[in-house]
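The values are calculated or read from the model by the stated rules, or taken from the named source; none is laboratory data. Since we're looking at a predicted model, the values are computed, not measured. Every residue, glycine among them, receives a Cβ derived from its backbone with ideal geometry; neighbour counts consider all protein chains shown. Calculation scope for accessible area: heavy atoms of the full protein, side chains included, ligands and nucleic acids excluded. Shrake-Rupley method; radii C 1.70, N 1.55, O 1.52, S 1.80 Å.
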Amino acid sequence: MLDTLLPILIFSALALAVIGAMRRIRLWRQGRPSPVPILQGLAAMPRRYVVDLHHVVARDKVMSNTHVATAGGFVAAAVLMILVHGLGLAQGVLGWALLAASAVMFVGSLFVARRRRNPPARLSKGPWMRLPKSLMAFSLSVFLITLPAVGVLPQDAGSWILAVALAAVLAWGLGEMVFGMTWGGPMKHAFAGALHLAFHRRPERFSTKAGGKGRSTGLKALDLDSPQAKLGVEMPSDFTWNQLLGFDACVQCGRCEAVCPAFAAGQPLNPKKLIQDMVVGLAGGSDAHYAGSPYPGKPVGEHAGGPHGPIVAREGKALVDAETLWSCTTCRACVEECPMMIEHVDAIVDMRRFLTLEHGNTPNKGAEVLDNLIATDNPGGFDPGSRLHWAADLNLPRMADLGQVDVLLWLGDGVFDMRNQRTLRALVKVLRAAEVDFAVLGDEERDSGDVARRLGDEATFQSLARRNIATLAKYRFQRIVTCDPHSFHVLCNEYRELGGPGGDAHYTVLHHSTFIAELYAAGQLHFTPWKGGAVTYHDPCYLGRYNGEYEAPREVLRALGITVTEMARSGFRSRCCGGGGGAPLTDIPGERRIPDMRMDDVRETGAELVAVGCPQCTAMLEGVVEAAEVRDIAELVADALVILPVKMAKGQGRAGQARVEELAS
Amino acid sequence: MRPDPQKSPSLAITVLVSVGCHPLTGRGRRADQDARGVELARALPLAEVRLLHAGVLDAGSDAALRGYLGMGFDALTLIEQPESSDVVPALAEVLADHPPTLVIAGTRAERGEASGLLPYLLAERLGWPLVAAVAEVEGVEGGVATLLQALPRGQRRRLQVRLPAILTVDSAAPAPRQSAFGPARRGQLAVHEVGEAVPDAELVEWVEQPARKRPKRLKIVKAASARDRFKAAAAKAEGGSGQVLDGVTPEQGAEAILKLLKEEGVLRR
Ligand code: SF4
Ligand code: SF4
């Protein structure tokens, strides 16, 4: 009897799954077009899954093994089941393979069940709680049904009642695993996830066999050419179709939630909920069925929307409140942790673009800063002719006078900030000690456009970027060095699309820590050993996660004789200082402040000093009451500089100072 | 755009907007006070706001005027005028043709003559009352508007004025909303034809030169402690040495003013 029942069950589940898949695909295709190489993407998908996705999943070893067993077992079991029970090819090795696959899957599902017994807060409950049972139902029933097929049990073992019962359990399993995959159950992540990997909007972020570095963090430029086009994302259907597909791939694992600094600070943002809200919007409905942690301070069930309705209402409530979007520091911790490779920051900035460019609704100081950037090319509204006032006594060489140097020192808007001026002075001292041939742009430099872009003002970003690119094109130099990771990131990764480096221009951009490490390695810098207390290092988001530079700053600290006491969250898991993405400007209230939490991390290590490499981090961390000392790497280096006598004798313009000079203060 | 007074209870407001100039960089922008005027108008319930500008249209002024469109307008009425024309007759003509209930303008322009006289000349021509330094329009009822006028040091005076009227705003009025790039770019500059432009006969005779820095009165604070310094900084401007001249001839008055200016070092010689 099972012989007739099974093929019917299997093929009807498959047929329903195909119908569901069509419906789901139609939902995704509501999005804007975004051309992808279909076949190439599909071909790359297995590698992206095995290498890149599992690289992230493997940070949690147990979960990674669980997933390999369950998912691998399921895929094998499903294919074999179609062959064995659907087409009746039970003979020989196929049946045994099916037994093995379902057994592996069953073991995996036991681990899933264990995980679900006391799930951490970041995991969603709801339908996800029944998933282990469904997995077991599927794997167990497939296993049992296959036993007679391979001849372990006689064909007519048990009664027909048993057979029907088994078929019912299998129907449940099939329902969850095959039907649910395309009709919106928890298994949807497998279907959407696989396609998302194939058609990802940032194919560059995956590694390649050739050893590509697999990083893609620059925001994508918004097309400003057609005046009638809507700017940014107003409704879910304004996302590109593969962004929608990406949202649909979310497994609600909450890894993003667990690392989000805004969520931890009690600001109304939870990246997981945000992605789920986009899924709600994609299909239409309310968030009442969401079974995870809400946005802090915002109860679930009050927001609703549809694919062609606004995401943020001008007044009242829609899918998401504006302050949720403005809480994000664009730290990318969520993207770094997401096993499904979902791009939260892209989505948030897309929605911010609409709020800023179409509604003119950048909150708090945001609007003022944008006005300043438009009128004065710097966020503080200072006279652009006073960019070098801080260095009146330093006699800095200007690009306009020299035309050609090795290193262009990009100063950033920190020139207007008294704290950052100390860092800049230190950096200049280091460059001079190493006899670097450098110059600055002076008043020709403008804000890089970082903050304008993160606040959604793509127009101002592009205007600043284009003018900066034109200025840079006038001069000849090999490298740009800057102590501001935000400028670094923008110059290095985001100007390319507009004709910057990597495009038409031929220079590289370095963070000062990378450059100092290089100078030290080349023997151009000498330090007195460190005599201070314990030191920890805070990785700036825009240097670390955005650009993968974790080593150089640590190398420099080692060269100074400092042993870094690492914080629990360091390297790619570093916690944001709260200063990115214009968050200090939009200033959305929470229960705690992000820099306070970071300073607690510092305190936990017992360090008396925290080394940083970013003006924004310096400002945020120094703003903490009773903080550890905050010093930029450049300052630590400048303090430890030793000028060797030989060099002094050689140094042009410094003859007569042939004495060992220890410049430490 | 034009309200029908019989049918709609709405309030027709025309805001006069000019091309501004950033004080540090001199870049064109929406003029701050005019933008505050637009904000004041937008905040009124049932207001039908029309933006009106008279002047030269070129790339620079286009960008600046679009700053007002970005505050949420589909169009701005533009009366094109050649360089150095007197815009008062043109503005008066348009306003007299379709009189709004309220006209709002900034106190003074950010470039050009910037004498602040334009609203007064318009008021004189149209025969309408003018209220300066309006901080808020509290309400309009039965052809009378209730206004809050800003006085020095945060004081406010409540006034009532018969409509139609001209109001001017300065920086005491609420800050303007952000100008959004999308609407600014899409909005229309609707050109409105008027009669012959009238050249500004006086202006052409003037010679313009860059402003000299005006001498600043030095306030020397002899304070021993931070507290004293703070008190000095926070203290009200003291009159004290003021002098009221009563019943003097114009010549005597002028003499007295000239003497003061010399004493203060404003006029040398
Ligand atoms: S967005 Fe990514 S990290 Fe966050 S819950 Fe979904 S799958 Fe997990
Ligand atoms: S980028 Fe950072 S702040 Fe923004 S949602 Fe992700 S983790 Fe949270």
query: So which GluC sites (Glu not before Pro) in the range A:563-604 end up in coil per DSSP with only 10 or fewer other C-beta atoms within 10 Å?
result: A:591
query: Using a 1.4 angstrom probe and counting only protein chains, how large is the accessible area of residue B:248 in Å², to 10?
result: 70
Angstrom value of the Kirkwood radius, inverse mean 1/r, which spans all Cα pairs in the range A:488-627: 16.4
- prompt: Hey, in the protein assembly as shown, which Cys have no second cysteine's beta-carbon closer than 4.7 Å?
  reply: A:250, A:253, A:260, A:328, A:338, A:483, A:492, B:21
- request: Evaluate 2.2 N^0.38 Å with N set to the residue count of the range A:24-163, then give the Cα radius of gyration divided by it.
  value: 1.29
message: Which order do the peptides A:279-287, A:426-434 come out in when sorted by mean C-beta neighbours inside 10 angstrom, highest first?
response: A:426-434, A:279-287
query: Measuring from centroid to centroid over Cα atoms, what is the spacing of the range A:117-149 and the range A:192-208 in Å?
result: 28
- prompt: For chain A, what is the relative contact order in percent, using Cα pairs closer than 8 Å and at least 6 residues apart in sequence?
  reply: 11
task: Leaving ligands, DNA and RNA out of it, rank A:160, A:410 by accessible area with a 1.4 Å probe, largest first.
output: A:160, A:410
- prompt: Taking only the alpha-carbon positions of the protein assembly as shown and ignoring solvent, what does the Debye formula give for the base-10 log of I(q)/I(0) at q = 0.04 Å⁻¹?
  reply: -0.27
task: Leaving ligands, DNA and RNA out of it, rank A:321, B:86, A:393 by accessible area with a 1.4 Å probe, largest first.
output: A:393, B:86, A:321
query: When you look at the Cβ of every residue in A:55-64, what mean number of other chain Cβ atoms sits within 10 Å?
result: 0
Sequence ranges B:32-44, B:177-189, ranked by mean other-Cβ count within 10 angstrom, highest first: B:32-44, B:177-189
Cα convex hull volume per residue for the range A:402-493 (Å³): 95
query: For the range B:23-158, with equal point scatterers placed on the C-alpha atoms only and solvent neglected, what are the log10 I(q)/I(0) values from the Debye formula at q = 0.09, 0.12, 0.14, 0.21 1/Å, to two decimals?
result: -0.28, -0.51, -0.71, -1.65
message: Below 8 Å between Cα atoms, with a sequence gap of 6+, how large is the relative contact order for the range B:31-190 in percent?
response: 34
message: How large is the Kirkwood hydrodynamic radius of chain B, counting all unique pairs of alpha carbons, in Å?
response: 21.1
query: Any idea what angle helix B:32-43 forms with the longest principal axis of chain B, computed on alpha-carbon atoms, 0 to 90 degrees, nearest 10?
result: 50
- prompt: In the protein assembly as shown, what % of DSSP beta bridges are antiparallel (nearest 5)?
  reply: 30
Net charge over other residues, Cβ less than 12 angstrom from the Cβ of residue B:158 (K, R count +1; D, E count -1): 0
- prompt: Considering only protein heavy atoms, what is the solvent-accessible area of residue A:388 at a probe of 1.4 Å, reported in Å² to the nearest 10?
  reply: 20
statement: Distance in Å, no decimals, from the C-alpha centre of the range B:164-197 to the one of the range A:294-334 is 33
- request: List every DSSP H helix in chain A whose Cα atoms extend 24 Å or more along the helix's own long axis and whose mean Kyte-Doolittle hydropathy is at least -0.5.
  value: A:2-28, A:61-81, A:93-117, A:131-150
query: If you add up the charges near residue B:188, with Lys and Arg at +1 and Asp and Glu at -1, over every other residue whose beta carbon is less than 15 angstrom from its beta carbon, what do you get?
result: +1
query: What Kirkwood hydrodynamic radius, in Å, does the range A:228-358 give when the mean of 1/r is taken over all pairs of distinct Cα atoms and then inverted?
result: 14.4
message: At 1.4 Å probe size, put B:158, A:130 in order of accessible surface, largest to smallest.
response: B:158, A:130
- prompt: Ignoring ligands and nucleic acids, what accessible area does residue B:157 show with a 1.4 Å probe (Å², nearest 10)?
  reply: 110
- line: Counting other chain Cβ atoms within 10 Å of each Cβ in B:173-180 and taking the mean gives 5
statement: Per-residue average of other protein chain Cβ atoms inside 10 Å, peptide A:372-382 -> 3
